[in-house]
1. Within the set of other residues whose C-beta is less than 12 Å from the C-beta of Ser89, count the net charge using Lys and Arg as +1 and Asp and Glu as -1.
2. Which Cα, out of Leu91, Ala51, Pro153, lies furthest along the positive dipole direction of the range 14-179 (beta carbon charges, K/R +1, D/E -1)?
3. With a ≥ b ≥ c the root eigenvalues of the C-alpha gyration tensor of the range 14-179, is it rounded (a/c under 1.5), prolate (a/b larger than b/c) or oblate?
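Nothing in this text is a laboratory measurement; each read-out follows from the coordinates by a stated rule. If you're wondering where the values come from, they're calculated on a predicted model, not measured in any experiment. As a convention, Cβ positions derive from the backbone with ideal geometry for all residues, glycine included, and neighbour counts pool all protein chains shown.
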Amino acid sequence: MARPNQARREDAADPIELLAACHERIRRFSGLAQKLAAAKGAPEHEVRDVAAAVRRYFDEALPLHVADEEESVLPRLRARAATAIGGLSALERIVDEHRDHQHDLAMLVMLCSDLVEDPKRLDERRMELEELAKRLADDFERHLAFEEREVFPAIERLLPLEERRALAAEFRARRTERDAGGVHTR
């Protein structure tokens with residue numbers, strides 16, 4: 001009998017589960033950025049640690065998720081999109097929204113880098129961080145909800161089990177490459 005943790009690892013062959021876990025992390029780190037903006041009187045080491053975590057997630061992990069979708073999921077769905085998930089325009093919407101997020105993400109990463117260097121600047125940068133974190137959280141929520149409502153069911157409905165397993169393997173390979181010090185190019 002498999003222990004609960006073993007069963008979970010076996011489920012990691014499901015790309016929808018892997019994508020959903022990424023979506024939860026996006027939500028969590030978006031919320032963490034908002035909490036950072038609202039933190040008044042927080043010790044400098046906490047500001048530094050939270051800013052570093054937010055920066056690291058959005059600078060290192062999120063691009064892997066975007067690559068999962070744009071390089072692995074969307075090409076497979078494009079071939080079948082004429083009748084699924086609103087056709088090609090729905091898939092292009094995802095890519096367009098990824099592109100639309102880039103500026104705000106770059107600003108958030110830069111702002112968090114500044115706070116890692118000098119956590120005392122939180123008070124002077126609070127308003128900017130608050131507006132940016134809220135805008136990103138709202139944009140992400142709309143984007144993620146669309147993917148969960150439209151793309152996840154399309155993956156399950158349109159892609160055979162072998163292709164879904166291949167997706168999961170590609171997702172894991174991107175992270176293994178990153179963890180091994182490889183460079184991921186888009």
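1. -1
2. My answer, from the dipole projection, is Pro153.
3. Prolate, because a/c is 1.5 or more and a/b exceeds b/c.
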